[in-house]
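> The structure's right below; bear with me while I get my questions together.
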Amino acid sequence: MSDDHTRVQEFFGSRAAHWDRRFPDDGPAYAAAVAELGLREGDRVLDAGCGTGRALPPLRTAVGPTGLVVGADLTPAMLQAAVRAGRDRDGHLLLTDVSVLPLRSRALDAVFAAGLVAHLPDPAGNLRELARVVRPGGVLALFHPIGRAALAARQKRQLTPDDLRSEHNLRPLLSGSGWAMTAYVDEDDRFLALATRAG
């Protein structure tokens with residue numbers, strides 16, 4: 001396992017048991033972001049970096065009983081917290097790295113990724129792997145329940161020009177990774193970038 005993976009597991013593993021209690025009011029923001037994907041009954045969707053699985057219930061609602069919902073995370077403690085919360089009933093949980101997904105190429109209609117992009121050790125390569133498993137025309141949502149400035153203030157840091165989630169950095173990153181950005185919102189109460197899988 002790389003040092004990046006070890007750091008991510010240590011950071012989230014130590015916080016997993018209390019994660020949902022720290023952010024108890026995020027549910028409506030997750031549901032609204034999932035709605036932006038435009039999922040239909042029977043669609044197949046991945047929650048990449050699913051954590052405690054907060055997006056799994058609205059994803060299941062969106063694709064219905066005939067759809068497929070998969071939650072993938074690198075941190076065992078986060079997936080254990082998802083099971084304790086009963087969210088494994090809404091999707092299949094996979095302990096895996098998003099850089100090497102155990103999924104067929106073009107198997108999915110969409111990917112939802114909350115808070116993921118800032119933790120990717122190889123953003124371009126990891127976004128290419130997400131593109132690999134999505135059919136052409138499929139959708140990617142990069143989401144955070146608060147915007148970049150609010151998150152920086154919460155973490156007591158300054159926004160810098162090299163912030164990966166700024167529009168001028170994210171748009172070419174997505175484009176070079178097989179995605180075309182279709183929407184970008186960065187407000188105090190949410191960050192959402194939508195992209196379509198290039199043909």
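> Identify, please: which residue in the stretch 87-115 is in a strand (DSSP E or B) and not hydrophobic (A, V, I, L, M, F, W, C) and is, among those, most open to solvent (accessible area, probe 1.4 Å)?
H92
> Filter the stretch 171-199 for residues that are in contact (Cβ under 8 Å) with a residue 40 or more places away in the chain, in contact with a strand residue (DSSP E or B) (Cβ under 7 Å, 6 or more places away or on another chain) and not in a strand (DSSP E or B) and give the result.
Listed by number, the residues that qualify are L174, G178, A198, G199.
> Could you look through the stretch 116-141, keep only residues that are under 17 Å from M78 (Cβ atoms) and part of a loop (DSSP other than H, G, I, E, B), and pick out the one that is modelled with the highest pLDDT?
Once the filter is applied, the top-ranked residue is L116.
> Name the single residue, out of those in the stretch 155-170 being in a loop (DSSP other than H, G, I, E, B) and hydrophobic (A, V, I, L, M, F, W, C), that is nearest to E129 (Cα to Cα). Before you say what the answer is, go through the steps one by one.
Restricting attention to the stretch 155-170, the residues satisfying the condition of being in a loop (DSSP other than H, G, I, E, B) are 155-166.
So of that shortlist, the ones also hydrophobic (A, V, I, L, M, F, W, C) come out as 159, 164.
Details: L159: 28, L164: 18 Å.
My answer is L164.
> Among A118, A149, which is among the hydrophobic types (A, V, I, L, M, F, W, C), in contact with a His (Cβ under 9 Å, 6 or more places away or on another chain) and open to solvent by 20 Å² or more (accessible area, probe 1.4 Å)?
Details: A149 fails: in contact with a His (Cβ under 9 Å, 6 or more places away or on another chain).
Unique residue meeting the criteria: A118.
> Is it fair to say A152 is outside any strand (DSSP E or B) and of a type in the set (G, A, S)?
yes
> Do any helices (runs of 4 or more DSSP H) lying entirely in the stretch 1-52 carry at least 3 residues that are at pLDDT 95 or above and closer than 25 Å to L108 by Cβ, and which ones are they?
Values: elements: 3-13, 19-22, 27-36.
By residue number, 27-36.
The values are calculated or read from the model by the stated rules, or taken from the named source; none is laboratory data. It should be emphasised that the depicted structure is a prediction, and the values quoted were computed from it without experimental measurement. Cβ coordinates were reconstructed from backbone atoms using ideal geometry, including for glycine residues, and neighbour counts include every protein chain displayed. What goes into the accessible areas is simple: the full protein's heavy atoms, side chains included, and nothing from ligands, DNA or RNA. Shrake-Rupley method; radii C 1.70, N 1.55, O 1.52, S 1.80 Å.
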